[in-house]
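The values are calculated or read from the model by the stated rules, or taken from the named source; none is laboratory data. All of these numbers come straight from a predicted model, not from anything done at the bench. As a convention, Cβ positions derive from the backbone with ideal geometry for all residues, glycine included, and neighbour counts pool all protein chains shown.
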Amino acid sequence: MAAADSPTAIPRRAPLSRMLRAVTSPYYRYRHAKVLHSLRVGLAMLVSILATTGIHIPHGIWSSVTLLVVIGGLQHHGNIRKKAADRAAGTLLGASIGLLLIVQQHFIGSLPLTYVLMSIVASICAWFAIGSSGYIGLLTAITMCIVAGHGDNLIDTGLWRTLNVLIGIVIALAFSFAFPLHATYSWRYGIAANLRECAGIYARLLDGETISEEEQVKRFLAINKRLVQLRSLMPSVAKEIDVPQSKLEEIQRLHRSVLSSLELLATGPLMHADAAARTAYAAHCGTEVRAVRAILLSTARALRFGRPPRLGIPAAVPLAQGHGATAAGLPPEWQGPYWLGQRLAEQVDRLRALLLETESNWDIEQRGRSLRCA
């Protein structure tokens, strides 16, 4: 075949192009979140070393220690701003207390008194470390020890360590906003993955396919694990998209209800029926099953591939009417699964409607552009 007639080969992306795509694409940032976070912290560490040890600032190691404490565990944009500020405040407060302890030790000269004062400060910090200001309390105590030692540091040592702490904070804050992973995207992609899994389980369950109990348990465990991870993201998501956390809790609760209904269906009579019986049952409820599956898949697709200005969450899919007449045509053992299926359909449609209510808030890039233009 002539070269002109051969299909055009799709060129492979260059490594730099793939890297840029990973950095700029929300989904790729989601998939490579650990790598990007590791690179960000590694580059920040290199800068802190060059900014202190590289130019022979004494005690430069504490700049790197502060950097790791401030942003080492921060990843999502929704919690970076608040927690970075909390950690910076705790670090500055601890450095000030450490310097005051060194000064009082210099003038009074009583190490037992210094130990008592440090213990009192640590007790107060521990009190606050358990509450909502936990980061501030914890880092105040840690930085106090860095600057003051056990009260026996010289004043110039304390000052140099304070300077290094400040340098570490500045570098940490500068890098904390470099390519952060938005919790909103992680939350969206997690829900989308779960909805696709639920659609697959529901379809296989009613299509007469045999599903081993071991496989079923494994799939439900994976969905439940993802659902638990999504809950931890909700405070950050609420800050990023300006949606009340109570609304996200309601979405999460409906998601849990859908999963519970599906688990009851999967472990009830349908699970123990043979393929022919399940096929006969699906023949009575085929329209309903297809409608529920369509809602799950289309909503998952909208959350995964949504483009501004709207994600494209679907409108309501018409569900079957005349439930009583349909149920009357089923054997008694199928009455429970039928009404449970109706309950599942209602929950899926309510979840879709709730996501649709907040759809305009989900696209972070579009919201950012709107705010910049305002």
- Message: I need a count of the residues in segment 101-119 that are aliphatic (A, V, I, L, M) and surrounded by 16 or more Cβ atoms within 10 Å (Cβ to Cβ).
- Response: 4
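If only one of Asn194, Asn224 is closer than 21 Å to Tyr28 by Cα and either in the same structural domain as Pro337 (by TED's automatic domain parsing) or touching a residue at least 60 places away in the same chain (Cβ under 8 Å) (or both), which one is it? Working first, answer last.
Values: Asn224 fails: closer than 21 Å to Tyr28 by Cα.
After applying the criteria, what remains is Asn194.
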- Message: Going through Val147, Val217 one at a time, which residue ends up being more than 18 Å from Leu92 (Cβ to Cβ) and of a type in the set (Val, Ile, Thr)?
- Response: Val217
- Task: Quick one: count up the residues across segment 53-70 that are over 14 Å from Ile136 (Cα atoms) and modelled with pLDDT under 80.
- Result: 1
- Task: Quick one: in segment 164-183, of everything that is part of a helix (DSSP H, G or I) and touching a Pro at 6+ places or on another chain (Cβ under 9 Å), which residue is surrounded by the fewest Cβ atoms within 10 Å (Cβ to Cβ)?
- Result: Ala183
- Given the conditions (1) assigned to a helix (DSSP H, G or I); (2) under 25 Å from Gly72 (Cβ atoms), and given that Gly131 satisfies all but one, which numbered condition is not satisfied? (1)
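Condition check ((1) crowded, with 19+ Cβ neighbours inside 10 Å; (2) over 19 Å from Ala203 (Cβ atoms); (3) modelled with pLDDT under 65) across all residues:
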{"position": "Leu262", "(1), (2), (3)": "yes, no, no"}
{"position": "Gly268", "(1), (2), (3)": "no, no, no"}
{"position": "Ala276", "(1), (2), (3)": "no, no, no"}
{"position": "Ala283", "(1), (2), (3)": "no, no, no"}
{"position": "Ile295", "(1), (2), (3)": "yes, no, no"}
{"position": "Gly312", "(1), (2), (3)": "no, yes, yes"}
{"position": "Leu340", "(1), (2), (3)": "no, no, no"}
- Query: Would you call Ile80 in contact with a Leu (Cβ under 6 Å, 6 or more places away or on another chain), in the same structural domain as Leu139 (by TED's automatic domain parsing), modelled with pLDDT under 85 and not small (Gly, Ala, Ser)?
  - Reply: yes
- Item | Members of segment 134-161 found to be farther than 30 Å from Ser232 by Cα, in a helix (DSSP H, G or I), out of contact with any Phe, Trp or Tyr (no Cβ under 9 Å at 6 or more places or on another chain) and in contact (Cβ under 8 Å) with a residue 24 or more places away in the chain, listed by number | Met144, Cys145, Ala148, Ile155, Thr157, Gly158, Leu159
- Item | Extreme residue, modelled with the highest pLDDT, among residues of segment 350-364 that are closer than 16 Å to Gln245 by Cα and either in contact with a strand residue (DSSP E or B) (Cβ under 6 Å, 6 or more places away or on another chain) or acidic (Asp, Glu) (or both) | Glu357
